[in-house]
Amino acid sequence: MLFINYLDIKLYRAYNTVMIKDPFDTVREQWQQERPDLDSSGAEVVWRISFLHKYLKKMASKKLDRYDLPIGSFDVLAALRRNGPPFQAAPTALCEATLLTSGAMTNRLDRLEESGMVERMPDPGDRRGIIIQLTPAGKALVDETAKVRFEQANDAVSALTSSERRQLAALLRKLVVDHTSD
């Protein structure tokens with residue numbers, strides 16, 4: 001019978017993590033072969049972030065499909081929910097919170113209003129403006145789907161330890177701050 005101690009398993013995992021290849025390693029190798037003068041280190045990061053963005057958005061959408069809630073609509077409901085009672089925001093604040101254009105936000109709000117998840121109300125501070133408010137049905141839906149969304153996100157990073165998650169979050173934060181400080 002073969003006995004493997006905990007340290008051996010940890011070393012095996014660490015060694016194999018380093019040895020695992022993904023499709024972007026092949027792309028890097030091809031560029032190194034064809035254009036060794038190019039530094040692909042930045043591109044490798046961007047390729048993987050782009051792939052993960054598409055993949056994780058697709059997985060989140062699949063989880064929310066059973067609620068008939070597109071991921072973009074979830075984002076709007078979640079932005080309102082995060083504001084706390086009375087769960088309101090101006091459309092421009094929602095655009096900023098969800099990184100959407102005003103046209104895209106109008107389309108999402110129209111659909112959410114038609115389905116009874118939000119309502120448009122006059123802005124008491126601006127006679128020309130409106131405020132978007134989460135309805136009780138919208139709050140119930142976002143409260144239920146937020147659990148699903150957070151579980152999906154945790155599952156997506158389950159290959160990382162808590163320490164690795166914090167480290168990756170810090171590195172990504174650094175990139176976000178660098179690219180949004182213009």
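Rule-based calculations on the coordinates, nothing more; no lab input. Predicted model, so just to flag it, every value in this text is computed and none were measured. All Cβ positions, glycine included, derive from the backbone under ideal geometry; neighbour counts span all protein chains shown.
Worth a mention:
- For the chain, the share of alpha carbon pairs falling in successive 5 Å distance bins from zero is 1, 6, 11, 14, 14, 13, 11, 9, 7, 5, 4, 2, 1, 0, 0, 0 percent.
- Local electrostatic count at Trp31 - Lys and Arg +1, Asp and Glu -1, tallied over other residues with Cβ under 12 Å: -4
- Separation in nanometres of the label points that stand 7 Å from Cα toward Cβ, at Glu151 and Arg120: 3.6 nm
- Simple spin-label estimate for Glu113 and Leu171 in nanometres, 7 Å along Cα-Cβ: 4.4 nm
- Longest stretch of the chain clear of exposed loop sites (trypsin sites (Lys or Arg not before Pro), DSSP loop, at most 10 other Cβ atoms within 10 Å, sites excluded): 67-182.
- For the chain, size of Cβ-based charge dipole, Lys and Arg +1, Asp and Glu -1, in debye: 400 debye
- Of the residues Cys95, Gln33, Val157, the one whose Cα sits farthest towards the positive end of the charge dipole of the chain is Val157 (charges of +1 on Lys and Arg Cβ, -1 on Asp and Glu Cβ, taken about the Cα centre).
- GNM top mover of Ser61, Ser73, Ser102 - the chain, alpha-carbon springs below 10 Å: Ser102
- Compared with the alpha-carbon gap, the fully stretched path from Arg127 to Thr98 is longer by 8.0 nm at 0.36 nm per residue.
- Computed lengthening from Gln33 to Thr106, 0.36 nm per intervening residue step minus Cα-Cα distance: 21.4 nm
- For the set Lys63/Lys147; Lys139/Lys174; Lys63/Lys139; Lys58/Lys147; Lys58/Lys139; Lys21/Lys54, the pairs lying more than 22 angstrom apart at their alpha carbons are Lys139/Lys174; Lys58/Lys139.
- Each residue of segment 68-81 was assigned a 3J(HN,Hα) from its phi angle through the Karplus curve 6.51 cos²θ - 1.76 cosθ + 1.60 (θ = phi - 60°); the sequence is 6, 10, x, 4, x, 5, 4, 4, 5, 4, 5, 4, 5, 4 Hz, with glycine and proline shown as x.
- Residues with amide H under 5 Å from that of Ile130, placed H, sequence gap 5 or more: Asp123
- Ordering Ala104, Val148, Leu56 by the projection of their Cα atoms onto the charge dipole of the chain, which places +1 on the Cβ of Lys and Arg and -1 on the Cβ of Asp and Glu, puts Val148 at the extreme positive end.
- For the chain, built as a Gaussian network whose Cα springs stay under 10 Å, the top-fluctuating residue of Ala156, Ala79, Ala170: Ala170
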